[in-house]
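Undergrad: Please see the structure below; I have some questions.
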Amino acid sequence: MDVRPAGLHHVTAIASDPQANADFYLNALGMRLVKKTVNFDAPDTYHLYYGDRAGNPGTILTFFPWPDAPKGRLGAGQATTTSFSVPEGSLGWWQRHLASLDIETSRPAERLGEDVLSLRDPDGLVIELVAGADFHDTDPWDGAGIPVEYAVRGIRGVTLTEHDLDATAGMLNGKLGFELAAELGGRYRFHTSEAGQGVGTVVDVLADRGARNGLVAAGTVHHVAYRAPDQPTQVRWQQSLAGDGVGVTEIRDRSYFTSIYFREPGGVLLEIATDGPGFDYDEPLLQLGRRLKLPPWLEPQRDEIERHLPELVVGEHEDSAHEDSATPAAGAASGDEAAR
């Protein structure tokens, strides 16, 4: 296939309490809320996007926060860890900062030449901060009190846990353009480039035939999205996947990008998202995340949608919706139809 990935576009996970989720990613990790919208397919829940100053592709972690969502279970067929890049030599600062917020961390032994700090968010989602000197063409957010010299640069990569290494590796290498770069203790590292530098260029696969199957719900990743620079490239990728017998969706309009979805052989839901039009499509760059934004087809339902969204306060100038009933927890684990 002549289509190669440009790295990760975003990772989407499931949370429970939207306020606790926002407080953690804005204040503890110092990310910017670049978009406050709703799940376009289930608009009674938020879709929150965190990233760098402009929400550049490769910096974005998003959440569907369903109040009272059941607890998920990490296991095979999931993206079990999301790793962020931070500057070389910054993990000591991060350890002290997180300890001051009573957030527990651990510092595993150096892994494949990387210095790693591991932690969990309020729902138990596994996050890693990976220190390195890689160049990242991103714009770290400095509006949350995190000194810019320590700030998160973007997503380093994800870790997939799989029963069958060969099937997943075959798709990564044969259909998605990744290259196997290293292996250590059952961890297989794939890069989108020879050096594996830049945001979103790493996929680790943990091979564990004895792992129990994961359950996608609160505290787990729902899907992983890769970048296509434009829609013609996305179409070529869609056609190539379909030609190889992979079940792939039609192109879906997500306002800030367009998307296609499919599953890799181990069951992880993957997406290919375009770089544009971007998060300043419907609000100025300086005002990203300040208002609840809806796509044109949902705008006529704004009053009803806002009545059913729980209160969310993320800044003194922020609008907030009124709390009502929670989205049924079953939606948290509903698979493809609640993905976007």
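The values are calculated or read from the model by the stated rules, or taken from the named source; none is laboratory data. Being a predicted model, the structure only gives us computed values, none of them experimental. Every residue, glycine as well, gets a Cβ built from its backbone with ideal geometry; the counts of neighbours run over all protein chains shown. All accessible areas refer to the heavy atoms of the entire protein, side chains included, with ligands and DNA or RNA removed. Shrake-Rupley method; radii C 1.70, N 1.55, O 1.52, S 1.80 Å.
Undergrad: Say whether the condition of being among the hydrophobic types (A, V, I, L, M, F, W, C) and assigned to a strand (DSSP E or B) is met by at least one residue in the range 95-108.
TA: The answer is no; no qualifying residue exists.
Undergrad: Here's another thing I want to ask about it. Residues that are open to solvent by less than 20 Å² (accessible area, probe 1.4 Å), at least 2 per element: which strands (runs of 3 or more DSSP E) completely within the range 128-213 meet that? Spell out how you get there, then give the answer.
TA: Working: elements: 154-162, 179-184, 187-191, 202-207.
In the range 128-213, the matching strands (runs of 3 or more DSSP E) lie at 154-162, 187-191, 202-207.
Undergrad: Right, next: For G276, work out the one condition from (1) open to solvent by 10 Å² or more (accessible area, probe 1.4 Å); (2) in contact (Cβ under 8 Å) with a residue 12 or more places away in the chain; (3) over 18 Å from the mean Cα position of the chain (by Cα) it doesn't fulfil.
TA: (3)
Undergrad: Give the range 83-107 a look and list any residue that's over 21 Å from D134 (Cβ atoms) and either open to solvent by 10 Å² or more (accessible area, probe 1.4 Å) or of a type in the set (G, A, S) (or both), or say none.
TA: Correct list: R96, H97, A99, S100, L101, D102, I103, E104, T105, S106.
Undergrad: Is it the case that some residue within the range 221-243 is touching a Pro at 6+ places or on another chain (Cβ under 9 Å), open to solvent by 10 Å² or more (accessible area, probe 1.4 Å) and closer than 20 Å to I127 by Cα?
TA: No, the range 221-243 contains no residue that is touching a Pro at 6+ places or on another chain (Cβ under 9 Å), open to solvent by 10 Å² or more (accessible area, probe 1.4 Å) and closer than 20 Å to I127 by Cα.
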